[in-house]
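Some notes on the structure that comes next.
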Amino acid sequence: DRRLLQPAQVCDILKGVILVICYFMMHYVDYSMMYHLIRGQSVIKLYIIYNMLEVADRLFSSFGQDILDALYWTATEPKERKRAHIGVIPHFFMAVLYVFLHAILIMVQATTLNVAFNSHNKSLLTIMMSNNFVEIKGSVFKKFEKNNLFQMSNSDIKERFTNYVLLLIVCLRNMEQFSWNPDHLWVLFPDVCMVVASEIAVDIVKHAFITKFNDITADVYSEYRASLAFDLVSSRQKNAYTDYSDSVSRRMGFIPLPLAVLLIRVVTSSIKVQGILAYVCVVLFYCGLISLKVLNSIVLLGKSCQYVKEAKMEEKLFNPVLTATPGKPAGKQQSMFKSTQGISTDENGSTSVTNQPVHQKENTPSLLVTSNSDQFLTTPDGEEKDISQDSSELKHRSSKKDLLEIDRFTICGNRID
């Protein structure tokens, strides 16, 4: 109650300050010099550079998520002494440095893609598109469980959105060089469609063969959709600790700050604003973007509520036992709830049934108290065993893992446990 600002507002202010600082720092990076430097390299060297940039982007996203989480936690945690507030400063500078370096990395990716678009023989673009088909070789013939496939699906969503932003940056830079001639847009349009179509085709083939070889039904994608919808709806509650976009972006390993910095930098350098009428158009365009964002949020929230109801997940969404109250983490409440039901929880989170009913009717099957993660969206590793097995085997059986409880900070979609 003594706080001047809520934790979510403090995080928003930090994001805005980091965005502004990194935007002015990006003015010292010359895009034209970088373009000519990359264009002078050979095709094979550029192909290797592009693959290295994709790996570096994954590593930067994983490391950067930890940096930003450390900054947000340090800035919003309750502090007993005033000197404890000084710890926010080094975390803030680390976050600014990370966002700046990641934005430069994405700029190099966009520049390499721009060079491929402007090459005369299109050989580099063909090689970069064929690189997508390497994913099929590296993913199809591996064993996948439902959790691993969920992580891969989130990674594919993040990768496809990033590619759309990179293509937008390439189109903006090319249109600027041709003085916004609309005829040049139709020259770029076939290449853009070819890149997008190859990405979609590779993802369709990859997921089709993974589900075929691992005996996973197509209904699992509706569970993935419901899980993401649950994240969005639960973070829109009154007692949520994060912004509504943070939980979903963390699940996908997506960090929007570097992309936002680069996109604002490219748009402001590509479009010249001169005169009162131009500034009025900019203000109207900004108001239109805000209206589109609000409308998009309303539609997404409505669709998410619909998916949550279809998956029958309202009881977990509004259950006061699973909802963390201020000052009490959700893990303690869940462990207390399990202990009252006769379930002991070890340090690794696995549950085992300790108390079984002694007197039962002969015709009544034995009822087992299952954990909350087994009520829906379970991920069975094999066929269900018979419930009538003795308690010694039940103690050693590992609990099923809920899709909502898997590691939402990972971005490595191909990780196999």
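Side notes on the structure shown:
- Here the calculated FRET efficiency for residue 301 and residue 208, from their Cβ-Cβ distance with R0 = 35 Å, stands at 0.65, rounded to the nearest 0.05.
- For region 89-130 versus region 175-190, the spacing of their alpha-carbon centroids is 21 Å.
- Charge sum, other residues only, whose C-beta stays under 15 Å from residue 38's C-beta, Lys/Arg counted +1 and Asp/Glu -1: +2
- Annotation: per residue accessible area for region 7-271 equals 50 Å², rounded to a whole number [probe 1.4 Å, protein chains only].
- Pairwise label distance in nanometres, residue 196 with residue 73, each label 7 Å out on the Cα-Cβ vector: 4.0
- For the set 146/212; 158/206; 293/316; 45/143; 15/146, the pairs lying more than 24 angstrom apart at their alpha carbons are 293/316; 45/143; 15/146.
- Near residue 92, once Lys and Arg are set to +1 and Asp and Glu to -1 for all other residues with Cβ below 15 Å from its Cβ, the sum equals -3.
- The listed peptides 34-41, 103-110, 220-227, 90-97, ordered by packing as a protection proxy, come out as 103-110, 220-227, 90-97, 34-41 (highest mean of other Cβ atoms within 10 Å first).
- For the pair residue 264 and residue 312, a Förster radius of 60 Å applied to the C-beta separation gives a FRET efficiency near 0.90, rounded to the nearest 0.05.
The values are calculated or read from the model by the stated rules, or taken from the named source; none is laboratory data. Keep in mind the model is a prediction, meaning the values are calculated, not measured. Please note: Cβ atoms are built from the backbone with ideal geometry, for glycine as well, and neighbour counts cover all protein chains shown. Note: accessible area is taken over every heavy atom of the protein model, side chains too, but ligands, DNA and RNA are not part of it. Shrake-Rupley method; radii C 1.70, N 1.55, O 1.52, S 1.80 Å.
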